[in-house]
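Please treat every number below as a calculation from the coordinates, not as lab data. Fair warning: this is a prediction, and the values are worked out from it, not measured in the lab. Quick reminder, even Gly has a Cβ in these numbers, built from the backbone with ideal geometry, and neighbours come from all protein chains shown.
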Amino acid sequence: MAPHSADPSPQRPLVRYETREGVAYLTLDDPPANTYTYEMMLQLDAAILRARMDNEVHVLVLSGLGEKFFCAGANIAMLQQAEPRFKYYFCLHANETLNRLEQTPKLVIAALNGHTVGGGLEIALAADLRIARQNAGKLGLPEVNLGVLPGTGGTQRLSRAVGKSRAIELMVTGELFSFEAGKELGLVNEIIAGDDFAAQVHAYARQFCPPNRAAKAVGRIKRSVQSGWEVPFESGLAIERELQQQLFESQDAKEGIDAYVSRRQPSFSGR
């Protein structure tokens, strides 16, 4: 079995896409566990590009369909049947998709509605912020139990998030832990209680959209951090200066400065 020219839009969508009030919702849809395949990654990649190129979208929200799983990782049946060469290219393509998500100059929020394990956590780690439904599931990278490692950026992103030693411990033990423990580790930003998770997620995402926030500044903050993280400090400062200059020329910077001087609440347009 080799990588095939799968149609990124097969008969049944595996990634639902909708926009509402400046927020693009990308929902993984492969019940019962929203496991991902080559076809799902193609669709996720297309959805990320669609949201990136839409000037009316300011924030992306990733979630899984249902209440039990955000995502349980790669489809194991697919991997069992695949030849080693396909597995290699599958991981390569998945990494490219998550890199695109990470580098998209718009804020990305992973809304963890249920268990987020294996490749599911690797997807969530490529988001900028992670919010979780209280007592709704577990986190973890248990790939060691399959005789493999977290091969979709997990070893790199987890170690950057929690430190080398703790990341190694979590991965070699394959430990699964609660969202609450994930918050203590710094992997989860917010935990949301109550039955209206979707509504609260939307309200959370909306705070980063116009007119509440200067969405272009939010995106450039993300880009400065993401691009500056992997280069020497002086190079990171150069990236920061370049992005700041772009913002100084924006309508929102003019609005924000004028509102501050005039002692009024700014109304941002995302321009």
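Okay, here's what the table says:
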| read-out | value |
| --- | --- |
| 20 °C / 1.002 mPa s Stokes-Einstein diffusion coefficient of the chain, Kirkwood radius on C-alpha pairs, µm²/s | 110 µm²/s |
| Net charge over other residues, Cβ less than 12 angstrom from the Cβ of N95 (K, R count +1; D, E count -1) | -2 |
| Charge dipole of region 5-107 about the Cα centre (unit charges at C-beta), most positive-ward option of P13, A94, T104 | A94 |
| Residues whose placed amide H lies under 5 Å from that of G64, excluding near-sequence neighbours | L28, N113 |
| Residue-wise HN-Hα coupling along region 71-80, computed from phi with Karplus coefficients 6.51, -1.76, 1.60 (Hz; x: Gly, Pro) | 6, 9, x, 5, 6, 5, 4, 4, 5, 4 |
| Label-point separation, V231 to E249 (7 Å along Cα→Cβ), nm | 1.8 nm |
| Per-selection Kirkwood Rh - region 1-152 (Cα, Å, 1 d.p.) | 15.5 Å |
| Ranked list, fewest to most other Cβ atoms within 10 Å of each Cβ, for L243, L237 | L237, L243 |
| Cα-Cα P(r), region 134-230, percent of pairs per 5 Å interval | 2, 11, 15, 17, 17, 17, 14, 6, 1, 0 |
| Student exercise, the chain dipole from Lys, Arg, Asp, Glu Cβ charges, in Debye to nearest 20 | 420 debye |
| Around R241: net Lys/Arg minus Asp/Glu count, Cβ-Cβ under 14 Å | -2 |
| Bridge type composition, the chain - antiparallel percent by DSSP, nearest 5 | 30 percent |
| Fewest-first ranking of L129, L185, using other Cβ atoms within 10 Å as the exposure measure | L185, L129 |
| Surrounding net charge for F268, when Lys and Arg each add one and Asp and Glu each subtract one, Cβ distance under 11 Å | +2 |
| Relative exposure of H58, H202, judged by other C-beta atoms within 10 Å (fewest first) | H202, H58 |
